[in-house]
Amino acid sequence: VNNRSASTFPQLSFLSDRVFQSQIGNAISCLTQGSALKAEGWVKTLLYCSCSYKTYIQGLKFSGTIPDFRQRALLNLFNTLCSVLSDAQLPGTSWTVYVSLLQKIFASGDTDKDEGLDFEEFSKYLKEHEKKLRLTFKSLDKNQDGRIDAREIQQSFKDLGLNLTDRDAEKILHSIDADGTMTVDWNEWREHFLFNPADDLQEIIRYWKHSTVLDIGDSLTIPDEFTEEEKTTGIWWKQLVAGGMAGAVSRTGTAPLDRMKVFMQVHSSKSNKISLVDGFKQMIKEGGVASLWRGNGVNVIKIAPETAIKFMAYEQYKKLLAKDGGKIQSHERFMAGSLAGATAQTAIYPMEVMKTRLTLRKTGQYSGMFDCAKKILKKEGVKAFYKGYVPNILGIIPYAGIDLAVYETLKNAWLSRYAKDTANPGILVLLGCGTISSTCGQLASYPLALVRTRMQAQASMEGSEQVSMSKLVKKIMQKEGFFGLYRGILPNFMKVIPAVSISYVVYEYMRSGLGISK
């Protein structure tokens, strides 16, 4: 191919759709020496033959009228790819962007999964992609005047959970606006996004969606927000399964630190200071290395029912709170998420109590989860399964609210600086934002979590006084001071980074295994 001259390629006559498809098909066949385009082969071939087809590519750029948009779109893509790839000595962003573009087109258009893209598949890909772009354009064009302005972009981002300043909205608009009118019509929208799928507004939302997949062991976050497409295609349940598995592996991997946190929350005090080293020594001496994972079983088991209940409750609360069946606002989404979290916690709270009791148990005290439940019920009654319920529910608002607010602040700060260049913030930015926001949420709600754990750990013996939440807080403040409410926070912080990292890696593997596309 690299020895072919420009005259080898057929000239296009644009007499009809059939002629156009035939001629472009012949040109592609010449480039690839086959009936289908292979992802790697196409890139390599274009590089090898760059010198010979430069003249041909210039000849394709003519001023005549093309009767069908699909023809023009195909030709523009062909011209764009060839003109960029032909200049192979230019490394950097352009090369990376177009290789990424090729990969996206192959992944989306290769319907028969033969790792190749024939002309029919390519034509179908463009047609379907343009339909999606048209629907997105109409949804953004709030007043249906055929043009999108900065206010409409701002409102659309707000509907999807992103708060943009006027300046940020104008930046995004400016990156799309080709004629300098500070509005975008359908032609500008199509030309900008047709061959740049990674820059779609929905893609930005997907990257930055504050997903509960970053499991740090607490279950007080706002539930995942699924798009209508994810719901109708059934991707939502795969996302939940992947997230549940990620949480299970993450919690198991950080279980020793979680047990240390609970151990210090209950047993550590001013008069009985317990360091990390001393705490681990005590636990290993009493029950061996395996004892570091006590309570992990029920902690993993409760993921499934809690996630399912939270998701279903969230969808129902959103319907109740949305005004006149319209789109739910940010504050309504937060309220729906908080109520869903409270509903899920109410349903599975007995498992939370058992988790604390099993975590703190001594060797031989309980034979398992069911034995623990039976003994609690027999000795303490049904009420014992809801010890610490009030501080647990009260902790949802500060945790979820601050977690979400900090994440939104970090996200908008990144978008205001870099959104014009790329939609993908990268794994380190996403993990960093998630870790920081979760840590801030924990700082705010930790005193309530400590009070909850101590109340859960109370073993009610006949005739013994049960300490209420207010009395317990007062007692801690009197004996240990304000910092007594933060006992055990060190191992809690230590597990955040490994928990987030493990859950993300497992989640990505699960997504791949379940066939969820990026």
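The values are calculated or read from the model by the stated rules, or taken from the named source; none is laboratory data. Quantities reported herein were computed from a predicted structural model and do not represent experimental measurements. Note that each Cβ is placed from the backbone with ideal geometry, even for glycine, and that neighbours are counted across all protein chains shown.
In table form, for the structure just shown:
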| read-out | value |
| --- | --- |
| Filtered residues of the stretch 168-213 (kept if in a loop (DSSP other than H, G, I, E, B), modelled with pLDDT of 70 or more and under 19 Å from residue 154 (Cβ atoms)) | 177, 181, 182, 183 |
| Close pairs from the stretch 404-425: first at positive phi and outside the structural domain of residue 166 (by TED's automatic domain parsing), partner crowded, with 18+ Cβ neighbours inside 10 Å and modelled with pLDDT under 75, Cβ under 7 Å, at least 6 apart | none |
| Meets criteria (assigned by TED's automatic domain parsing to the domain that holds residue 268 and surrounded by fewer than 18 Cβ atoms within 10 Å (Cβ to Cβ)) for residue 301 | yes |
| Selected residue (criterion: modelled with the highest pLDDT) from residues of the stretch 218-236 that are within 14 Å of the chain's Cα centre (by Cα) and not aliphatic (A, V, I, L, M) | 236 |
| Among (1) within 21 Å of residue 309 (Cβ to Cβ); (2) touching a residue at least 12 places away in the same chain (Cβ under 8 Å) - the single one residue 382 does not satisfy | (2) |
| Wholly within the stretch 430-518, helices (runs of 4 or more DSSP H) carrying at least 2 residues that are hydroxyl-bearing (Ser, Thr, Tyr) | 496-513 |
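Results for (1) aromatic (Phe, Trp, Tyr); (2) at pLDDT below 85, shown as yes or no for each residue.
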position	(1), (2)
387	no, no
390	no, no
407	yes, yes
416	no, yes
444	no, no
453	no, no
463	no, yes
473	no, no
480	no, no
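Here's the yes/no breakdown for (1) modelled with pLDDT of 95 or more; (2) out of contact with any strand residue (DSSP E or B) (no Cβ under 9 Å at 6 or more places or on another chain); (3) hydrophobic (A, V, I, L, M, F, W, C):
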| residue | (1), (2), (3) |
| --- | --- |
| 272 | no, yes, no |
| 276 | no, yes, yes |
| 293 | yes, yes, yes |
| 304 | no, yes, yes |
| 308 | no, yes, yes |
| 311 | no, yes, yes |
| 314 | no, yes, no |
| 318 | no, yes, no |
| 324 | no, yes, no |
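Conditions tested, residue by residue: (1) out of contact with any Pro (no Cβ under 7 Å at 6 or more places or on another chain); (2) of a type outside the set (S, T, N, Q); (3) in a helix (DSSP H, G or I).
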| position | (1), (2), (3) |
| --- | --- |
| 286 | yes, yes, yes |
| 292 | no, yes, yes |
| 307 | yes, no, yes |
| 351 | yes, yes, yes |
| 358 | yes, yes, yes |
| 372 | yes, yes, yes |
